[in-house]
Amino acid sequence: MTNARPTTTDRLALFGALTAVFGEMHPTFDNWAQRDFDATHKGTYGDHLVYRDGTKVADDTDRAGEPTMTASSFGRRCAARHVASYTAGQLASAVAITRALGYRVPARALLTGAAINAATHLIIDRRKPLLWLADKLGKTSYVEHCTVVRKPGGDAEISGPGSALMELDQALHRAIGVGAALTTTVLATRHRRPH
(Lines give C-alpha, C1' and ligand atoms only; values in the text may rest on other atoms or scores of the structure.)
Protein backbone atom coordinates (compact mmCIF):
# COMPACT_ATOMS: atom_id res chain seq x y z
CA MET A 1 0.00 0.00 0.00
CA THR A 2 1.08 3.56 -0.58
CA ASN A 3 1.34 6.18 2.14
CA ALA A 4 -1.82 7.81 0.80
CA ARG A 5 -5.25 7.04 2.09
CA PRO A 6 -6.00 3.33 1.47
CA THR A 7 -8.19 2.48 -1.50
CA THR A 8 -10.92 -0.11 -1.55
CA THR A 9 -8.49 -2.40 -3.35
CA ASP A 10 -5.92 -1.89 -0.56
CA ARG A 11 -8.52 -2.77 2.07
CA LEU A 12 -9.71 -5.83 0.17
CA ALA A 13 -6.13 -7.02 -0.33
CA LEU A 14 -5.31 -6.68 3.39
CA PHE A 15 -8.60 -8.33 4.35
CA GLY A 16 -7.89 -11.20 1.94
CA ALA A 17 -4.36 -11.68 3.27
CA LEU A 18 -5.50 -11.66 6.91
CA THR A 19 -8.44 -13.97 6.20
CA ALA A 20 -6.04 -16.38 4.50
CA VAL A 21 -3.61 -16.26 7.42
CA PHE A 22 -6.26 -16.61 10.11
CA GLY A 23 -8.16 -19.31 8.23
CA GLU A 24 -5.48 -21.34 6.50
CA MET A 25 -2.96 -21.26 9.35
CA HIS A 26 -5.70 -22.12 11.84
CA PRO A 27 -5.35 -25.93 11.52
CA THR A 28 -1.58 -25.69 11.94
CA PHE A 29 -1.77 -23.85 15.25
CA ASP A 30 -4.99 -25.51 16.45
CA ASN A 31 -3.79 -29.05 15.83
CA TRP A 32 -0.09 -29.38 15.04
CA ALA A 33 1.15 -26.78 17.56
CA GLN A 34 -1.18 -27.87 20.35
CA ARG A 35 0.38 -30.09 23.00
CA ASP A 36 -1.23 -33.54 23.20
CA PHE A 37 -1.69 -33.07 26.94
CA ASP A 38 -3.60 -29.82 26.49
CA ALA A 39 -5.74 -31.25 23.67
CA THR A 40 -6.73 -34.15 25.90
CA HIS A 41 -7.52 -32.10 28.99
CA LYS A 42 -8.69 -28.62 27.89
CA GLY A 43 -12.34 -29.65 28.22
CA THR A 44 -11.96 -31.03 31.76
CA TYR A 45 -14.53 -29.89 34.32
CA GLY A 46 -15.33 -30.74 37.93
CA ASP A 47 -15.07 -29.61 41.53
CA HIS A 48 -12.91 -32.58 42.54
CA LEU A 49 -9.21 -31.98 43.16
CA VAL A 50 -6.51 -33.04 40.73
CA TYR A 51 -2.74 -32.75 40.58
CA ARG A 52 -0.93 -30.71 37.91
CA ASP A 53 -0.88 -33.76 35.64
CA GLY A 54 -4.68 -34.16 35.91
CA THR A 55 -4.58 -37.22 38.16
CA LYS A 56 -7.45 -37.22 40.63
CA VAL A 57 -6.39 -36.69 44.24
CA ALA A 58 -6.98 -39.81 46.31
CA ASP A 59 -6.87 -40.25 50.08
CA ASP A 60 -4.26 -43.02 49.92
CA THR A 61 -1.66 -41.25 47.83
CA ASP A 62 2.06 -40.77 48.19
CA ARG A 63 1.70 -37.35 46.64
CA ALA A 64 0.82 -35.43 49.81
CA GLY A 65 2.12 -31.88 49.64
CA GLU A 66 1.96 -31.62 45.85
CA PRO A 67 -0.03 -28.66 44.54
CA THR A 68 -3.64 -29.41 43.62
CA MET A 69 -6.46 -27.57 41.91
CA THR A 70 -10.04 -28.26 40.88
CA ALA A 71 -10.54 -30.23 37.70
CA SER A 72 -12.19 -27.15 36.13
CA SER A 73 -9.18 -25.00 36.96
CA PHE A 74 -6.93 -27.67 35.46
CA GLY A 75 -9.02 -27.69 32.25
CA ARG A 76 -8.88 -23.90 32.03
CA ARG A 77 -5.07 -23.99 32.40
CA CYS A 78 -4.74 -26.52 29.59
CA ALA A 79 -7.04 -24.47 27.34
CA ALA A 80 -5.19 -21.23 28.17
CA ARG A 81 -1.81 -22.80 27.37
CA HIS A 82 -3.17 -24.00 24.02
CA VAL A 83 -4.67 -20.61 23.19
CA ALA A 84 -1.40 -18.85 24.09
CA SER A 85 0.61 -20.97 21.62
CA TYR A 86 -2.16 -20.70 19.00
CA THR A 87 -2.24 -16.91 19.29
CA ALA A 88 1.54 -16.57 19.17
CA GLY A 89 1.67 -18.64 15.99
CA GLN A 90 -1.18 -16.73 14.42
CA LEU A 91 0.41 -13.36 15.23
CA ALA A 92 3.82 -14.43 13.94
CA SER A 93 2.27 -15.70 10.70
CA ALA A 94 0.22 -12.55 10.17
CA VAL A 95 3.24 -10.32 10.71
CA ALA A 96 5.51 -12.45 8.49
CA ILE A 97 3.04 -12.70 5.61
CA THR A 98 1.86 -9.09 5.60
CA ARG A 99 5.43 -7.79 5.85
CA ALA A 100 6.55 -10.13 3.08
CA LEU A 101 3.82 -8.50 0.98
CA GLY A 102 5.12 -5.03 1.87
CA TYR A 103 2.58 -4.01 4.48
CA ARG A 104 2.97 -3.32 8.19
CA VAL A 105 -0.24 -3.88 10.10
CA PRO A 106 -0.37 -1.47 13.04
CA ALA A 107 0.17 -3.35 16.30
CA ARG A 108 -3.11 -2.13 17.82
CA ALA A 109 -5.10 -3.45 14.87
CA LEU A 110 -3.30 -6.79 14.77
CA LEU A 111 -3.53 -7.30 18.53
CA THR A 112 -7.26 -6.53 18.46
CA GLY A 113 -7.86 -9.19 15.78
CA ALA A 114 -5.68 -11.67 17.67
CA ALA A 115 -7.56 -10.92 20.91
CA ILE A 116 -10.89 -11.66 19.20
CA ASN A 117 -9.55 -15.01 17.99
CA ALA A 118 -7.89 -15.83 21.32
CA ALA A 119 -10.84 -15.01 23.58
CA THR A 120 -13.37 -16.87 21.45
CA HIS A 121 -10.96 -19.77 20.94
CA LEU A 122 -10.67 -20.21 24.70
CA ILE A 123 -14.44 -20.19 25.14
CA ILE A 124 -15.10 -22.62 22.27
CA ASP A 125 -12.37 -25.05 23.28
CA ARG A 126 -13.73 -25.44 26.81
CA ARG A 127 -16.52 -27.38 25.03
CA LYS A 128 -19.52 -26.64 27.31
CA PRO A 129 -20.16 -23.26 25.64
CA LEU A 130 -19.89 -24.91 22.22
CA LEU A 131 -22.35 -27.63 23.25
CA TRP A 132 -24.70 -24.92 24.57
CA LEU A 133 -24.51 -23.06 21.24
CA ALA A 134 -25.02 -26.27 19.27
CA ASP A 135 -28.14 -26.97 21.34
CA LYS A 136 -29.51 -23.44 20.84
CA LEU A 137 -28.98 -23.74 17.07
CA GLY A 138 -30.67 -27.14 16.86
CA LYS A 139 -27.48 -29.15 16.30
CA THR A 140 -27.76 -31.53 19.28
CA SER A 141 -28.92 -34.49 17.18
CA TYR A 142 -26.02 -33.93 14.79
CA VAL A 143 -23.54 -33.79 17.68
CA GLU A 144 -24.99 -36.93 19.28
CA HIS A 145 -25.21 -38.83 15.97
CA CYS A 146 -21.74 -38.08 14.60
CA THR A 147 -19.49 -39.47 17.30
CA VAL A 148 -16.28 -41.49 17.12
CA VAL A 149 -15.25 -44.82 18.61
CA ARG A 150 -11.47 -44.82 18.77
CA LYS A 151 -10.83 -48.35 20.05
CA PRO A 152 -12.71 -51.59 19.36
CA GLY A 153 -15.33 -52.01 22.06
CA GLY A 154 -14.71 -48.47 23.32
CA ASP A 155 -17.27 -45.83 24.13
CA ALA A 156 -18.40 -43.30 21.56
CA GLU A 157 -16.69 -39.95 22.02
CA ILE A 158 -18.65 -36.78 21.36
CA SER A 159 -15.57 -34.62 20.80
CA GLY A 160 -12.29 -34.82 18.94
CA PRO A 161 -11.25 -35.56 15.37
CA GLY A 162 -13.99 -37.14 13.27
CA SER A 163 -16.87 -35.92 15.42
CA ALA A 164 -19.61 -33.42 14.61
CA LEU A 165 -18.52 -31.30 17.57
CA MET A 166 -15.03 -31.02 16.08
CA GLU A 167 -16.51 -29.95 12.74
CA LEU A 168 -18.65 -27.30 14.46
CA ASP A 169 -15.60 -26.18 16.47
CA GLN A 170 -13.48 -25.72 13.34
CA ALA A 171 -16.26 -23.98 11.40
CA LEU A 172 -16.88 -21.52 14.23
CA HIS A 173 -13.17 -20.75 14.70
CA ARG A 174 -12.84 -20.01 10.98
CA ALA A 175 -15.99 -17.86 10.84
CA ILE A 176 -14.73 -15.84 13.80
CA GLY A 177 -11.37 -15.55 12.01
CA VAL A 178 -13.15 -13.75 9.16
CA GLY A 179 -14.62 -11.30 11.66
CA ALA A 180 -11.20 -10.84 13.28
CA ALA A 181 -9.62 -10.21 9.85
CA LEU A 182 -12.31 -7.63 9.05
CA THR A 183 -11.84 -5.88 12.41
CA THR A 184 -8.07 -5.83 11.95
CA THR A 185 -8.43 -4.44 8.41
CA VAL A 186 -10.83 -1.68 9.46
CA LEU A 187 -8.57 -0.64 12.33
CA ALA A 188 -5.43 -0.83 10.20
CA THR A 189 -6.81 1.28 7.36
CA ARG A 190 -9.09 3.73 9.14
CA HIS A 191 -6.51 6.43 9.85
CA ARG A 192 -3.52 5.32 7.82
CA ARG A 193 -0.40 7.36 8.47
CA PRO A 194 2.77 7.27 6.42
CA HIS A 195 5.52 5.01 7.80
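Laid out as a table, the results:
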| read-out | value |
| --- | --- |
| For the range 1-100, fraction of C-alpha pairs farther apart than 20 Å, in % | 56 |
| Relative contact order (%) - criterion: Cα under 8 Å, at least six apart; region: the range 83-147 | 30 |
| Residue of D125, D155, D38 that the Gaussian network model of the chain assigns the largest fluctuation, springs spanning Cα pairs under 10 Å | D155 |
| Cα-Cα pairs of the range 58-156 separated by more than 22 Å (percent) | 59 |
| Heavy-atom accessible area order for S163, S73, largest first, 1.4 Å probe | S73, S163 |
| Orientation-averaged projected area, Cα convex hull of the chain (nm²) | 14.5 |
| Whole-Å distance, taken between Cα centres, linking the range 17-60 and the range 80-129 | 17 |
| Dmax and Rg, reported as Rg then Dmax, of the range 109-195 (C-alpha, Å) | 17.4, 64 |
| The range 24-70: projected area of the alpha-carbon convex hull, averaged over directions, in nm² | 4.0 |
| Probe 1.4 Å, protein heavy atoms only - accessible area per residue of the range 78-195 in square angstrom | 54 |
| Contour minus Cα-Cα distance for L182 and S141 (0.36 nm per residue) | 11.5 nm |
| Accessible area, probe 1.4 Å, largest first, for residues L49, L91 | L49, L91 |
| Selected from A181, A94, A33 as most flexible by GNM, with the chain as the system and alpha-carbon contacts under 10 Å | A33 |
| List W32, W132, ordered by accessible area with a 1.4 Å probe, largest first | W32, W132 |
| Rel. contact order, % - alpha carbon contacts under 8 angstrom, at least six apart, the range 18-150 | 27 |
| Taking all pairs of distinct alpha-carbon atoms in the range 100-155, Kirkwood radius in angstrom | 14.7 |
| Candidate lysines - alpha carbon under 19 Å from K128, same-chain residues fewer than 8 apart omitted | K42, K136, K139 |
| Gained length - L111 relative to T7, 0.36 nm times residue gap less alpha-carbon distance | 35.2 nm |
| Whole-percent carbon and sulfur share, accessible surface of the range 39-195, 1.4 Å | 59 |
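The values are calculated or read from the model by the stated rules, or taken from the named source; none is laboratory data. Only a predicted model underlies this, so the values are computations on that prediction, with no experimental measurement involved. These area figures cover heavy atoms from the full protein model, side chains too; ligands, DNA and RNA do not enter into them. Shrake-Rupley method; radii C 1.70, N 1.55, O 1.52, S 1.80 Å.
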